[in-house]
């Protein structure tokens, strides 16, 4: 016996929305990156808005750069956000902002991504690990890795 389902075109959109929402929630959360190459260096730029500089770690091997970070919400850090309250002494006086600490409200909806992640980049030639430079400014981490200039040749004595 066949059961017939009655559905509207909107039911299809609802199912699609549920599937997309699930995929977004379970998607890998890694920051966007750009990798640039010059004759002397490799430069990796990562978007890390809201990440504390102390929570970023950069490691390197001979040809690989490993970058990891941890982004925590104010609630996870135990901090409370500051609210700005305006006060003025007269009708034409400029408003002065005072910081007032208050309890952290629970978000009704949040699209911010929190947690720990790591990302690695492998280069075609060796890098100078001792000369790595990392700068974090305005939510962008820029890691500059100079290319190794060492060319090592090994001569093996043939015995026999």
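Any read-out appearing in this document is the output of simple, stated calculations on the displayed coordinates, not a laboratory observation. Just so it is clear, the model here is predicted, and its values are computed rather than measured. Note: ideal-geometry Cβ built from the backbone for every residue, glycine included; neighbour counts use all protein chains shown.
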Taking 7 Å along the Cα-to-C-beta vector as the label spot, tell me the residue 150-residue 30 distance in nanometres, rounded to one decimal. 2.8 nm
Distance (nanometres) between label positions extended 7 Å along Cα→Cβ at residue 55 and residue 17: 3.1 nm
Inter-probe distance in nm under a simple model that places probes 7 Å from Cα toward Cβ, at residue 108 and residue 62: 5.8 nm
